[in-house]
Each structure stands twice: as C-alpha cells, then as structure tokens.
C-alpha cells in the first residue's frame, strides 16, 4: 500500500512521510546521488548524516554487475539499508542520445534488484528542445512508462511517473495528467539541470507550477536539483524530494557550497561555515590536502550545506514563515528574485497555507500584500457586514488587536454609532470586530514610507469597503492621505481623534 | 605603539588587524564575555574555536581576587593567553547605579592586572534616559576617562575611549570628539543593549553613524552586541569589534541562535544547523540533557552561530558584496529592514567602498540605486562630455560592456554622428564610451517590472543628460517609455533599431 502522509504545510510546501519498503522517508528530502561502482563518500556516512534515502543508477548497475546485482539486490551492492531510488538510464539518454536496453528489460531489472523507488526508462526533454521534438520525447516517455507498469505488475516498490516537457507547459501538464491516469503515485519532474545551471529559476518555477496544477496532492520529486539556491524555491512550490550529484561534482570542480550559492575554493578567504569539516580544518589545511582527500572533504562540506538548507526550510514550514524565508533567499541572486515575483499570481500557494499560525508573520514590502494570508484576510474583510451608516478609519498602531487599543475605545466613545476600522497597507481595511482574526493581530510590519501606488490591493479594498457607508471619516496618516486621493474617496480627513 | 591596519573595506566595514600585547586580533571580531570566577565554557575552548580575544570584568576580578589578581595577572586568572579586554564596572553601574570603587583606583587595578585593552570606569547612558541626565553621565564618563589617562600614564595597553550618549546624537558626537582629543585610539560605543533587546535597530544605526562621523578612522567597539541580527548591520556601519555574553545568557534561557534570530529550544522541530554540537546530537538528545550540560552545549552552538556570522560578513566584505549581504539579512526582521532604509542617506558608506570590485554586484530593487557604486557611476556619467549633437538611448541587454554588443554596432552604423548610450534603472544613463567602467559592465540586475517612479535617481540622471543634446532618439522599452513621460522629455521614441 502506498502511503504519503502530509504532516504540515505552508505555501505549496509539505512536511511529509513517505513509506518505502526500506523505511519511512521524511520529506522534503534531499536524495544524494550514489555511484554504484565508484562512490567515494560512503553510503554509511550519508546514512549517519541523516540522509534516509539515496538514488543510484540502475543502468550502470546492469552494465557493470548484471546478474550479480539481481542476486545481491541493489541495497547490498551499494551497502545501504535505507530507501534506494534507482534512475534507469534517462540521464545517459539525455547525455548520449540512447542506451542499449529496452524499457521492458530495464523495468524487469529494477524489479529484480529490489529498488524501493524505481524509475521507468524515460526520454528526458532537457531544455531548449523545439516543441515538436519535445512532444515526441514526452510520447516516448509515456509509452515506456505504461510498458513498465505492464511488465512489473503489482509490487511493493513505488514506481515513479517521469514528467517531461521542460519549458513547454502544456506538454508538462499533458505528461503529468497521463501518468496520473496510469496510476503512478509518485511523480518526478525531469530534467531541469540545464535550466538550473543557467540560473533560469523563473522558467523552472513555471515548469513546477504546470505539473503541480494537474497533480496537486501527489508527492513530487525534482530531478537534479542540488544547488542550495534551488531548494527553498522548489519546496515552496510543492516539490517533496530532489536528487543531485552536485555535492560531488562541485567538489571535483573545486566549488564550495554556501547558503547563497557556490564559491571557488580558491576565491575564499575564510571558511564561512561551522560544519564538522570547516570547524575542524582551516582553509589553508583544506587547500593543502592532496586532490582526492580534498574532494571528499569538500563533498562532505557540501552535503552539510544541503542538509542544513533542507532543515532550515523544514523549520521555516513549521514556523509558518516559509514565505519570509523564500523572499529572503531570493536576494541571493537576481534571477532567483525574478522567480519569486511569480509567487503573487500562483493560486495554489494558498491551499497549503494554514488558516492560523502560531507565530506572527512579517510584512516587509509590496510583494508581501500578495501572500496567501493577506489575500484571505482581504476576502474576509470584503464579506464583512456592518449595520452602521457611518465609517471611521484609523491607522494601525503597534498594539494588536485593534479593538483592544486606546484609539479604538476613544473613537467608540465619541462616535458610538459608527463602524470603526483600522488599516494596513498589507491587509487593507480591518473592521475592529475581526481585528483579532489571523493575521490582523498576528503580524509585524516594517514601518517606512509605504506608498499607496505600490499597494493596489489596498486601494481596491478601500474603494469597495467605503461603498457600504453613507458617511466616511478618516484619521489619516501620510499613506492614507495619498490613498484617499488615489481612490477618489468622498470622505472627511482629519488629523487625529480629537477632531472627530 | 598603537597599530590598527585596515586591509580591506566595503561600505564602512573594514577587515583589519589590531595589534595587542597578546597577539594580533583580526577584525571584525566577536569578543566573548568571560566570567572571571564562574565561567562555564572554558577559555581554552574559545581559543580553539578561533576567538583570539575575550573580555572579562575587572570590577568583579577586583572584588573577588584583589591582590591575587595583581600578582597573577588577568591572563592567568582566566586561563587565556590571547588578548584580554577588561570592562571596569560600567555594566554594574548601569544595573545597580554605582560601584564601590573610584575611577583612579579602577584604572590602576586594570593596569596592575596587565589588561591588554582596559576600559575606564564609565557611567553608561543606557537607553531612554532624559537629555539632561544623559548629558551629566557623558560628562562624568569624560571626566573619569581623563582621570584614567592621568593615572596610568604611557603603557602598552590599548585604553578604550567609552563613547556615551545613546539616542541623543549630539551627546554621542560630543563624547566621541572629546575622547578623540584626549588621545584614545580605540573607541567603544556604549551600551545599546536595551536598544537591541527592543529591536530598535534604526536608533542603533543612527547612534553608530553619529559616533563614526566624528572618528571615521579609529577602530570602534560596540558594547553588548551579541545578537546575530545586529552583527552585519554594525559591521557595515563601521564597528570593528563587539562583545557579548549573549551566547551564555540565551543558552541559560533556553534560546537557540539561528542566522535569522533566536528560537526557543522548545519551539524547534529540527536542528537547522550543522555545527559540531548540532551535527553530533539530535534535538531529542539535546533536550534530554541535564540542565548544566544542555546550557553548555547550547552556548557552544550559539558561539558557532556567532562565529559563522562574523566569518560570513568578512567573506562578504572580501567579495565586495556586503551591501547585498546586509540587505538580504534585513529580511530577517521588519525592524532590521527599517534600519537598512537609512543606508541610502549615509554618506560615509562611500569612502570604504572600493572603486573596483572583482565580482559582479547584484541589483534587486529600488534601494539598490542608492548604493555607493551606483552613486559614483551617476556622478561619472554626469561629468561625461560629448561633442555630438544627437543622442541615442538604448535599453541594457545582458551583455556587458554595452559597446561590445550587436545593438551598439548597429546603431553606430545607422547614425555615425550620434552619441550612443544605454540605460539602467539602477545606474542611470550609461555613455557607451564608459560602459566598461565599474560597475556598468560588472553587475547583474533583476529584470522585472521596474517602474520609473521608484527610481528618482534615474529620472534625474536622464533629465540632466539629455540637456546636452539637440536631438534625442530613444529605443524605448516599457520602463523608458514611462520615464520619458515622467521627465517630460522632448524626444523621439522608437520601438527598435530598424526605426532609427
């Protein structure tokens, strides 16, 4: 029986549990790529570090071990007793154009070696392929995938549906829809490696959204996502797993991961990291090591950075501050910043966002008016019914909820027959009666020169709300004075409560 | 002889070397507070972690050890052979109102125990003191400081000038100026602990700027700055050292530091850190430890976070990306975001910023038009002289410098008698002839819906530049179309080069 249990969520991200024949994998999970023949960072080390799942290559295993692998099983071959995912040669197809094995034979082999999470032999679209050829690759992948299911029948293994189509969103959708119909429970999005190497994060985001739209609930794996900048973005958009050999490839290339990207070891002046590698060696020691030893140490460091990134993202989900985390991370690279601009229009981010959060959320700048919590609040406020004919609007103070403030009590004393509301650039108009609902009373906002032209949602909320009243009085700060002008309000503006 | 050597700088931050009688201290330096009687995290551990300087309390040392400390010296008392700074009881004055010792006696004692960096007995203003009393405290501190110099005469020790005045900027300036005149070489800014506890980062920033304006070159220590959010801000504004007992105080209070602030150990679900403490224990193990052991382990973790933060800031200075680092960090808390808004008007940030940087700088959003590199470039472009009468403006592409692009060659072919320039929202007008100077050819910018109203420096640069020409043609994108309108340009707007 297939079990994927979502325990917490924020935006489209989930903290979940995926049950496999070799143990439960907690997601989001980074899945290190392990070479079945010449792996240098041992699988024991990976397990000890806390990686409960690895991915290895079934095609290489077949070519190198053949029947021996069938006899011993893939877990024994790579010396690992956690969950093992197997790629099927798709990577080789992408690199060399073809492999010398048929999809049915490959499927049988993956079954024979007892892979926990096997992948049908797919034909990756990569990136930059013209539409017609991409369509053809998708068709081949779908055909292979159906053939695979026919060959392997019912097993405990979790067979992966390989979603192809790359930057052609309609192909991605088609691909995901068809694989869903075939009965695949776990989807994998391929193979945006080139996209990520070109830092085309916005295209990557669109591709993930295209797939998730069709299969919102199923767990999704993202192939080849091993750059520290990609992880928060991919998780926020709903990816639950991602594999990569980057820790090793970068190490071989002398590249040292940091939370903000990679740096050449030559360019470092400090080791800005406290992982066990960096806190037990100086930069000079690391540089002075012989080649192989240095590669292994840097690879271990890279694994620590990836692990810490995944854990930080998980903690951000638990804290309900994944939006903040992603927006902060976006400032690690201008192209990542372009990708997160899309967040304001991605509807699916709302479904995973809890209705209530334990900790206050933070508002910084205009993009934050589009976060799911703010959208929801504006809908609630728009539906608010008042029996009063008079409306008084008052700026937000630091004290929450608004109905507990001195300003509120003062206004009610002066104008007992008025509907009283406060306002926030991020949330719009806040009726006092609902000023304790989330997040009206559970946010902390940067106060500095917000300008109404940057907050179209505010102007909209203001215009709609005042329509319900015959007489409107506003205790206006700079922001509201300009907003009232922009909204062409017919209202009386006063400086303070005493003028009511 | 006093030696403080600045090796690299960015904004007002410096990477430097401070020579003390017990070794060279590399700055920026975090200076852990060590208790002279009951220190739990050993000074040996601190030294091994890479902290080359600690601070301890001379007043407590006097009360507890008396003559024994005079005989053994402070290094022997605390078992530490690196640089030792000694606070003099100012903290006790702040907490309890007074101490039972006179400034002259305290100064003599600090001299007797061979402190490397002793501090005169000051009277800290703290925060929230009315102006008259703050003024009185500053006067007392200045008097004590002069008395101290008179008593101790010429020694190898680096006596610290304690700058007081808190949120009263003119008192801070007065204080720094007078201490400079007395001959103090190292200044220490006191004691913004309450400010930092209230997250009043903007006030803290103003206070640092007030002091630095008066003493731009001298090294500056910031008292009590041990919160991970404060460090990048303080360093960028020119603080070279900062001490704190936060690592221990937070640990006793069950608070676990993260790069984005502190979290209660109870609220953590993961250990989002790979320091030696967190990578050798699970959260469950850490929680299950007995009180003392847990406090020590969390304190060590906190020290690792502080160390990593300082190293990351140092690496950002070396990379020439401190502005990016600080702006990213600012999104860890809305009140930190308020503080960094001040950066656009802080003139002194320019003097430390190198004229040329090895790595490309990143532009994200409107605040980045105010970074020193952009200000400098706009000045250079404003001074640019052209002999041509015609001007053609063309949008920036991804290829740098502009004169090496196909667009540029095409325009020159069509209009050989025109001055050709490109433009960037962040840098303004870029004459092709200087499109290879820093940072015109050394930046990467986020491309998404920039709006001219957010870039007043651009409109200004545009208006001034076109004045020099009789005929202006613009190959306009959306941004420039609106900008031309806003600047009321008398120019011909075309869609592409073929229309020239």
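Taken together, the values in this text are just the output of simple stated rules run on the coordinates, not laboratory data. Remember, it's a predicted structure, so these values are computed and weren't measured experimentally. Because the Cβ atoms are built from the backbone with ideal geometry, glycine has one as well, and the counts that use them run over all protein chains shown.
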- Message: Please report the spacing between the Cα centers of the range B:320-345 and the range B:446-500 in Å, no decimals.
- Response: 29 Å
- Note on the structure: At the level of C-alpha centres, the distance separating the range B:91-149 and the range A:402-435, in angstrom, is 48 Å
- For an R0 of 45 angstrom, estimate the FRET efficiency from the Cβ-Cβ distance between residue A:481 and residue A:351 and round to the nearest 0.05. 0.75
- Can you sort A:331, A:7 by how many other beta carbons sit within 10 Å, fewest first? A:7, A:331
- Theoretical gain in end-to-end length, residue A:1 to residue A:81 [0.36 nm per residue, Cα-Cα removed]: 26.8 nm
- If r is the Cβ-Cβ distance from residue B:433 to residue B:26 and R0 is 45 Å, what FRET efficiency results, to the nearest 0.05? 0.60
- Query: Using the count of nearby Cβ atoms within 10 Å as a rough guide to exposure, how do A:327, B:257 rank from fewest to most?
  - Reply: A:327, B:257
- Neighbour-count ranking [beta-carbon atoms within 10 angstrom, fewest first] of A:368, A:87: A:368, A:87
- Consider a paramagnetic label point 7 Å from the Cα of residue B:467 along Cα→Cβ; state which residues of the range B:395-431 have an amide N under 14 Å from it. none
- Burial ranking of peptide ranges B:231-237, A:56-62 (average Cβ count within 10 Å, highest at the top): B:231-237, A:56-62
- Query: What percent do you get for the relative contact order of the range B:4-350 when only Cα pairs under 8 Å and 6+ apart count?
  - Reply: 17 percent
- Residue-normalised 222 nm signal for chain B, counting each DSSP H run of n ≥ 4 as -39,500 (n - 2.57), nearest 500 deg cm²/dmol, is -12000 deg cm²/dmol
- Distances from residue A:404 to the same position in the other copies: list them in nm, one decimal, shortest first, using label points 7 Å from Cα along Cα→Cβ. 6.0
- Note on the structure: Rounded to one decimal in nm, the spacing of the 7 Å Cα→Cβ label points at residue B:197 and residue B:64 is 2.2 nm
- Between residue A:108 and residue A:380, what is the FRET efficiency for a Förster distance of 60 Å, r being their Cβ-Cβ separation, to the nearest 0.05? 0.60
- Message: With the label 7 angstrom out along Cα to Cβ, how close does residue B:45 come to the same site in each of the other copies, in nm, nearest first?
- Response: 2.7
- For the range B:1-55 and the range B:163-234, compute the distance between their C-alpha centroids and round to whole Å. 18 Å
- Task: Please give the length that would be gained between residue B:95 and residue B:499 if that part of the chain were fully extended, namely 0.36 nm times their separation in residues minus their C-alpha to C-alpha distance (nm, one decimal).
- Result: 138.0 nm
- Task: For residue B:8 and residue B:398, compute 0.36 nm times the residue count separating them, minus their Cα-Cα distance, and round to one decimal in nm.
- Result: 137.4 nm
- Note on the structure: For the range A:4-350, shape from the Cα gyration tensor axes a ≥ b ≥ c, cut at a/c of 1.5 then a/b versus b/c, turns out oblate
- Where both partners of a DSSP beta bridge lie in the protein assembly as shown, what percent of those bridges are antiparallel, to the nearest 5? 35 percent
- Task: Provide a whole-number value for the mean count of partner chain Cβ atoms within 10 Å of the Cβ atoms in peptide B:437-443.
- Result: 0
- Got the residue A:177 label distances to the other copies yet, label 7 Å along Cα→Cβ, in nm, shortest first? 7.5
- Calculate the spin-label point distance for residue A:72 paired with residue A:447, positioning each point 7 Å from the Cα along the beta-carbon direction, and give it in nanometres. 6.8 nm
- Task: Give me a single rounded figure for A:219-228: the average over its residues of other chain Cβ atoms within 10 Å of their Cβ.
- Result: 0
- Query: How many percent of DSSP beta bridges within chain A run antiparallel, rounded to 5?
  - Reply: 35 percent
- Output the antiparallel fraction of DSSP beta bridges having both residues in the range B:163-264, as a percent to the nearest 5. 40 percent
